[in-house]
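Working notes for the structure below.
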Amino acid sequence: MSAWLISLEGTDAGKQMALALALMAAILHALFGALQKGRYDPYTTRAAIDGCYALMALPFALFMVPWPEPEVWPLFAVVWIIHIGYKLAQASAYSVGAYTVVYPVVRGIGPVFTVIGAGILFNESFARVQWLGVAMLATGILGLAVYNLRHTTTDRARLPMALGLAVLTGGFVALYTTWDAFVIRATADPFTFVAWFFLIDGIAFPLAYLAYRKGRLPRPFTPLLRLGITGAIVAIFSFGGIMLATRLDKVGEAAVLRETSVVFAALIAYLFWGEKVGPRRLSLMALIALGAVVVELGG
C-alpha cells in the first residue's frame, strides 16, 4: 500500500485522494473535538485517547512498517514537543471556555498561518483567488466564534482567558501541521511516520496524567476506556488522513479543507446538544464551505 500511495504523489489521482482524505479528516476532527468536551474533563479524556492510540500503534510501529531513518529521529523529537504544547493549550481552552466559542477560534487561526508556513517551508504559492478563499473561510469561522461569543451565557467571566488559549492553540495547529508535513515527507514510507507518530505522541500525556493523579484512575473506568478507544480510532483516521493528504498534495490546501470541520462541529452541536443553527450561522457556515471550494478550484 505504501508503494501505491507514493506512486500517487504529484498526480491528478493523488490530488483527488488528498481532497478525500482532507474532507474525511474534517468530519472526524469535529467529532474528536466534541469527544473532548463531553462527560470527563479534557485532560482525562485526552489521556485516555492518547493511551489507547499508543497501544494500537505499537504493533504496527514495531513489526509492520519500516523503522524511521536515523536522521528522522531528531525531527520526531520536535514533533513530540509541538504536540505536547498543542494538547496542553487545547485542553486548557476547553476547560475554561464553551466548545462552540473555542473551537471556531482555534480552527480559524490555524489555516492562515499554515498557508504562510507552507509557503516558507515548502515554497508553496497560492493564487490570488485562493487567498480570497482563505479569507472567506477564516472570516466565516471567526464570524461563528463572534456569534457564539455574543450569545453564550456560560463562563462569560473566563471568556478572555478562553479566547487567548484558543488563539494559542490555533498557532500550535499551524505549527504542527506544517512541521508534521515536513517530517512525513522526510520519511521514506509515509505509514512509518503515521505509526511511529501515534506511538511516540501517545505516551507522554497518559504518564503525566497518572503521575499528577498519583496513579488513581476515574471510577467507573469502563466508560472512560470505551471513550478512549473510540477517540483513538477517530484520531488515527483524522490525523493520519490529513498527514497523508499533505504528502500527496499541497500542505496549505489540505489544511484549509480540514477547517471545514467547523461546519461539521456545528452540526454535531445541533444534533447532540440541541444548539440552534439559525439563518446567521447557516450563512457563516455557507461562507466557510464556499471559501474551501474557492481554494480548491482556484488551484
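Take the conditions closer than 28 Å to ALA208 by Cβ and basic (Lys, Arg) and apply them to ARG107. Does it pass? Spell out how you get there, then give the answer.
Numbers: closer than 28 Å to ALA208 by Cβ: yes; basic (Lys, Arg): yes.
Answer is yes for this residue.
Let me spell it out: the conditions are (1) open to solvent by 70 Å² or more (accessible area, probe 1.4 Å); (2) in contact (Cβ under 8 Å) with a residue 40 or more places away in the chain, and PRO160 meets all of them except one. Which number is the exception?
Tallying (1) open to solvent by 70 Å² or more (accessible area, probe 1.4 Å); (2) in contact (Cβ under 8 Å) with a residue 40 or more places away in the chain, PRO160 fails exactly one: (2).
Can you pull out the residues in segment 31-73 that are touching a Pro at 6+ places or on another chain (Cβ under 8 Å), at pLDDT 95 or above and open to solvent by 70 Å² or more (accessible area, probe 1.4 Å)?
Matches in segment 31-73: none.
Filter segment 64-91 down to residues that are in contact (Cβ under 8 Å) with a residue 24 or more places away in the chain and under 13 Å from GLY170 (Cα atoms), then give me how many there are.
Looking only at segment 64-91, we keep the residues that are in contact (Cβ under 8 Å) with a residue 24 or more places away in the chain, and these are 64-69, 71-72, 75-76, 78-80, 82-87, 89-91.
With under 13 Å from GLY170 (Cα atoms) added as a condition, the list becomes 82-83, 85-87, 89-91.
Count: 8.
From the list ALA18, ALA22, ALA26, pick out the single residue that is open to solvent by less than 60 Å² (accessible area, probe 1.4 Å), small (Gly, Ala, Ser), under 22 Å from ASP249 (Cα atoms) and in contact with a Gly (Cβ under 8 Å, 6 or more places away or on another chain). Walk me through how you get there before you give the answer.
Details: ALA18 fails: in contact with a Gly (Cβ under 8 Å, 6 or more places away or on another chain); ALA26 fails: in contact with a Gly (Cβ under 8 Å, 6 or more places away or on another chain).
Step by step, each of ALA18, ALA22, ALA26 is checked, and only ALA22 is open to solvent by less than 60 Å² (accessible area, probe 1.4 Å), small (Gly, Ala, Ser), under 22 Å from ASP249 (Cα atoms) and in contact with a Gly (Cβ under 8 Å, 6 or more places away or on another chain).
What helices (runs of 4 or more DSSP H) completely inside segment 188-299 contain at least 1 residues that are open to solvent by 20 Å² or more (accessible area, probe 1.4 Å) and out of contact with any Asp or Glu (no Cβ under 7 Å at 6 or more places or on another chain)? Can you show your working first?
Values: elements: 190-212, 221-248, 251-258, 261-273, 278-298.
Ranges flagged: 190-212, 221-248, 261-273, 278-298.
Looking only at segment 200-209, decide whether some residue is under 16 Å from the mean Cα position of the chain (by Cα) and either on the phi < 0 side of the Ramachandran plot or at pLDDT 90 or above (or both). Explain how you work it out, then say what you get.
Initially, segment 200-209 is screened for residues under 16 Å from the mean Cα position of the chain (by Cα), giving 201-202.
Within this subset, residues satisfying the condition of being either on the phi < 0 side of the Ramachandran plot or at pLDDT 90 or above (or both) are 201-202.
Yes, segment 200-209 contains a residue that is under 16 Å from the mean Cα position of the chain (by Cα) and either on the phi < 0 side of the Ramachandran plot or at pLDDT 90 or above (or both).
The values are calculated or read from the model by the stated rules, or taken from the named source; none is laboratory data. Treat the numbers as computed from the prediction; the structure is a model and nothing was measured. Counting neighbours? That spans all protein chains shown, and the Cβs are built from the backbone with ideal geometry, glycine included. Surface accessibility is based on the protein's heavy atoms, side chains included, excluding ligands, DNA and RNA. Shrake-Rupley method; radii C 1.70, N 1.55, O 1.52, S 1.80 Å.
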